[in-house]
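S.K.: Dropping a structure here in structure tokens format, bear with me for questions.
Please treat every number below as a calculation from the coordinates, not as lab data. Quantities reported herein were computed from a predicted structural model and do not represent experimental measurements. Backbone-built Cβ (ideal geometry, glycine too); neighbour counts: all protein chains shown.
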Amino acid sequence: MFSGDALGLEILGWLATVFIFVVGVFILFLIAVYISDVTQTRQTILRNYPVIGHLRYYFEHVGTFFRQYFFAMDREEMPFNRAQRSWVYRASKDIDATVAFGSTRDLRPTGTMLFVNCAFPKLGTEAVEPEAITIGDGYCAQPYTTAALINISGMSYGAISKPAVQALSHGAKKAGSWMNTGEGGLSPYHLEGGADIVFQIGTAKYGVRDEAGNLSEVKLREIAALPQVRMFEIKMSQGAKPGKGGMLPAAKVDAEIARIRGIPAGTSSISPNRHHEITSNDTLLDMIDRVRTVTGKPTGFKVVLGDDIWINELCACILKRGIASAPDFITLDSADGGTGAAPMSLMDYVGLTISESLPLLVDALNRHGLRPRVRVITSGKLINPSEVAWALCAGADFITSARGFMLALGCIQALQCNKNTCPTGIATHNKKLQKGLVAMQKSTRVSNYVKNLEYEVGMIAHSCGLRSPRDFKRHHVRIVQDNGHTVALSQLWPDVTPPELARPAQQNAHNQ
């Protein structure tokens, strides 16, 4: 038996031994790091400042978080500032989104947009829900009708996690929105919530490819047979990397993702920078017609515009072939970067932003009389009510967002999407990190985000004297110029009067 003092001394001695051991191991570790640093030849900082040089890389990593929470002002950060993110967080949590003591937004810089309120805004009792729009009406066997203004843009299972896809699927169903699969194929988790699905056909044709990597009509029919799959979108390019295909690091390609995509597990998934069979406007229209004929469902394409020359040439090609050959919709992305991995040179310098490309696209369709035939879906940093309202003013039919919904799921803009280390479990397959993302709980945040976003877009419309957001026109928004004065968007981009088309005759010919 030990006395109390003896036992205490024994414990102290044991703790001292453990402490000395730990300190010794730590010193040996530092010696090993020192030797490794001074003998390596790849990194100058570590060779010149062994051991302590590692702090530089640590501070570089955590600097993002310190800037976000301690140093950046509300309107400073990129790609989304704190004010933009905070609105999404509040909307998704369905809590008060009002602010006090005046706007922190600087209203003076060139390009700032302001909406034209009227003296007699619409009362709540005069408001109407956005009308439903039919895509592919008269041109495919199963057209798609929806009233959803706000929808989920393409985010592949693989780029984002299983619980993230599940949360988005259930949330989209609650909100009445559609969900785009992204180019990674259709997973069971996309279907789980029961939401409408837009199946994206990427350049690697994941999910609808044969053993040689070509488009498989058999698999197309299998996907199209699912009632939830409402449309097919051929991905030409995206805002994160115009001119380059999808990039999924090998660390994210597990066995299930590899099976869904039809590629080996543990290898990087790098898609071609274009569809090998699409080499011209004619072959693009051929591909659209092929997919639409096989599936019987509306088919369009996703693109980032570089100028208006190509889109005008495409419209001319459509009119030459007949209006039935047109895509049922065009999804226009903005050159502002996206959620996926992408080269900085493409993300920063290639393509037009939505502020220029959306009016260009709508005008081209109007100029050629194709606007009633082709629906316009647009995305690109449209995460707050003002940006969505602007896009509707410019001529969009529908809005899609990826990063807005990631923020609704709890994304903290850690800028880790291209790695497997997303701290919120959204863009990682690390089970430990995914544990914090509870799909059913986050699905409510997804539906809240849609509800509150549509509500505030409607509120802007009512302030402008409109009964519905679908009544927005270009004259309802003004843009600050170099002289500090504003001009209406309709002055910068005059509405193009569409020519008359013999649409019924052409449609009847198509139906026959």
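S.K.: Each residue of region 287-292 in turn: what ³J(HN,Hα) in whole Hz from Karplus with 6.51, -1.76, 1.60 and θ = phi - 60°, glycine and Pro shown as x?
M.R.: Coupling constants for region 287-292: 5, 4, 5, 5, 5, 5 Hz.
S.K.: Turning to a different aspect of this structure: Mind ordering 298-306, 398-406, 89-97, 145-153 by average Cβ neighbours within 10 Å, highest first? Working shown, then result.
M.R.: Working: 298-306: 24.7, 398-406: 27.2, 89-97: 16.7, 145-153: 21.6.
So the peptides 298-306, 398-406, 89-97, 145-153, ranked by packing, come out 398-406, 298-306, 145-153, 89-97.
S.K.: Okay, next question. Would you kindly derive the ³J(HN,Hα) couplings of region 353-358 from the backbone phi angles with the Karplus curve 6.51 cos²θ - 1.76 cosθ + 1.60 (θ = phi - 60°), listing them in order in whole Hz, with x for Gly and Pro?
M.R.: Karplus values, whole Hz, x for Gly and Pro: 6, 5, 5, 9, 6, 5.
S.K.: From the phi angles alone, apply the Karplus equation (6.51, -1.76, 1.60; θ = phi - 60°) to region 17-23 and give each ³J(HN,Hα) in whole Hz, x where the residue is Gly or Pro.
M.R.: 5, 4, 4, 5, 5, 4, 4
S.K.: Same structure again: Which net charge results for the neighbourhood of Leu305, defined as the other residues with beta-carbon distances under 11 angstrom from its beta-carbon, given Lys and Arg at +1 and Asp and Glu at -1?
M.R.: Once all neighbours under 11 Å are counted, the net charge is -4.
S.K.: Next up: Place the peptides 330-336, 104-110 in order of packing, highest mean first, counting for every residue the other Cβ atoms within 10 Å and averaging per peptide.
M.R.: Final packing ranking: 330-336, 104-110.
S.K.: Using r as the Cβ-Cβ distance of Ser268 and Cys317, and R0 as 51 Å, what FRET efficiency do you calculate, to the nearest 0.05? List each step's numbers first, then the result.
M.R.: Numbers: r = 36 Å, r/R0 = 0.70.
Rounded to the nearest 0.05, the efficiency is 0.90.
S.K.: Taking only the C-alpha atoms, wrap a convex hull around region 4-52 and report its volume per residue in Å³ as a whole number.
M.R.: 52
S.K.: Counting other C-beta atoms within 10 Å, and keeping those with at most 10, which DSSP coil GluC sites (Glu not before Pro) do you find in region 151-228?
M.R.: Glu211
S.K.: A further question follows. Where does the chain land at 222 nm, in deg cm²/dmol rounded to the nearest 500, when only DSSP H runs of n ≥ 4 count, each adding -39500 (n - 2.57), divided by all residues?
M.R.: Theoretical 222 nm ellipticity from helices: -12500 deg cm²/dmol.
S.K.: Same structure, new question: Can you give me the long-range amide H partners of Lys302? Hydrogens built in the peptide plane at 1.01 Å from N, cutoff under 5 Å, separation of 5 or more residues or another chain.
M.R.: Ile234, Lys235, Met236, Ser237, Thr331
S.K.: Now a separate question. Report the full-extension gain for the segment Asn117 to Lys419: residue separation times 0.36 nm, less the Cα-Cα distance, to one decimal in nm.
M.R.: Additional length available on full extension: 104.3 nm.
S.K.: Under a Cβ-only charge scheme (Lys and Arg +1, Asp and Glu -1), can you give me the dipole magnitude of region 195-354 about the Cα centre, in debye to the nearest 20?
M.R.: Value, rounded to 20: 320 debye.
S.K.: If packing is taken as the mean number of other Cβ atoms within 10 Å per residue, what is the order of 482-489, 463-470, highest first? Numbers along the way, then the final one.
M.R.: Values: 482-489: 12.9, 463-470: 19.0.
The densest-packed peptide leads the list: 463-470, 482-489.
S.K.: Can you flag which of Lys162/Lys205; Lys205/Lys451; Lys235/Lys442; Lys235/Lys297; Lys431/Lys451 are past 24 Å Cα-Cα?
M.R.: In this structure, Lys205/Lys451; Lys235/Lys442; Lys431/Lys451 lie more than 24 Å apart at Cα.
S.K.: What's the magnitude of the charge dipole for the chain around its Cα centre, counting Lys and Arg as +1 and Asp and Glu as -1 at the beta-carbon? Answer in Debye, nearest 20.
M.R.: Dipole about the Cα centre, nearest 20: 420 debye.
S.K.: While we're looking at this one, here's another question. Residues with amide H under 5 Å of Arg467's amide H, sequence separation 5 or more or different chain, H placed in the peptide plane at 1.01 Å from N; which?
M.R.: Counting only residues 5 or more places away or on other chains, the set is empty.
S.K.: Against the longest alpha carbon principal axis of the chain, how many degrees, from 0 to 90 and to the nearest 10, is the axis of helix 385-394 turned?
M.R.: That helix lies at roughly 30 degrees to the long axis.
S.K.: Follow-up question, since we're still on this one. If you take every DSSP beta bridge whose two residues both sit in the chain, what share of them, in percent to the nearest 5, is antiparallel?
M.R.: Taking every DSSP beta bridge with both residues in the chain, the antiparallel ones total about 30 percent.
S.K.: Here's a follow-up. Starting from the Cα-Cα distance between Val438 and Glu277, subtract it from 0.36 nm times their residue separation and give me the gain in nm to one decimal.
M.R.: 53.8 nm
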